[in-house]
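One structure below.
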Amino acid sequence: AIERVERLYDGEKLPATFQVSPAARPSGLDRLLDARGYRMRSSTSVEVAEIGTVLGRLPRDGHTVAVAESPDEEWMDLWWSVDGRGDSGKRKTAHEILTSAPALYVSSRDATGTTAVGRLALVVDWGGLYCMAVRPDARRRGLATAVLRALLSHASESGTRHVWLQVVADNSAARALYSRAGFVPVSSYHYRVRPMGSASTAVGPVPEPACR
């Protein structure tokens, strides 16, 4: 099965990639991929909270934010500048993915433009927090907190009761914010990526897993 995946990726000239979580099957998949030379990437914590709990813990501030049901160009510009990967074609694809399902979009502004953005995917009474980004020169002003509060406040008015998020495990600043807000880790995942040009089976020393 692993070799079939590798052939499919090879056909697209892409590095074979597996997402590995506690639910991965077989249970030894991570070990098998490590032995084949796959490197570890993007260890991620999956966390959940009750929206009422989060809103009760987040401080109120004087930041003004705007809420919309679709991202405008300035929202996309900031998010893509902070977290985007690729050219204009990939940005267009990302926009299509973001707008393919119901969601809320929040942005804050100052005199020079958009300072922070965030997105909340809406799934029945759950919200999924994505695309949190703050302009580098506007960080440490409480803008991420203001965006989070606005997203959850607006969603709660429409019956959303729970929220989930996925945060890179080594992003200590973001994890500290979410922990203070009441988020609790419930699962995790990471990726195993085969270096381009690798043989289907590892030969010689196995490279050390590299985690961002």
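Things worth noting here:
- Probe 1.4 Å, accessible area per residue of the chain, Å²: 57 Å²
- Computed P(r) (all Cα pairs; the range 67-157; 10 Å bins; percent): 17, 52, 28, 3
- Lys, Arg +1 and Asp, Glu -1 on Cβ, resulting dipole of the range 13-110 about Cα centre, debye, nearest 20: 720 debye
- For the range 71-157, the fraction of 1.4 Å probe accessible surface lying on carbon and sulfur atoms is 53 percent.
- Loop-located GluC sites (Glu not before Pro) across the range 1-74 with a Cβ neighbour count of 16 or fewer within 10 Å are 12, 69, with loop assigned by DSSP.
- Over all distinct Cα-Cα pairs of the chain, the Kirkwood formula returns a hydrodynamic radius of 19.1 Å.
- The H on the amide N of residue 132, modeled in the peptide plane, is under 5 Å from the matching H of 119, each at least 5 residues off or on a different chain.
- Using the Cα coordinates of the range 1-111, the gyration tensor eigenvalues translate into equivalent-ellipsoid semi-axes of 36, 22, 12 Å, sorted from longest to shortest.
- For the range 30-81: rounded, prolate or oblate by the Cα gyration tensor [a/c cutoff 1.5]: oblate
- Under a model in which nothing but the beta-carbon of Lys, Arg (+1) and Asp, Glu (-1) is charged, the chain shows a dipole of about 520 debye around its Cα centre.
- Farthest toward the positive end of the dipole of the range 78-196, out of 146, 81, 106, is the Cα of 81, where the dipole comes from beta carbon charges about the Cα centre.
The values are calculated or read from the model by the stated rules, or taken from the named source; none is laboratory data. Quick caveat: nothing in here was measured; it's all calculated off a predicted structure. Quick reminder, even Gly has a Cβ in these numbers, built from the backbone with ideal geometry, and neighbours come from all protein chains shown. Heavy atoms of the whole protein, side chains included, go into the accessibility calculation; ligands, DNA and RNA do not. Shrake-Rupley method; radii C 1.70, N 1.55, O 1.52, S 1.80 Å.
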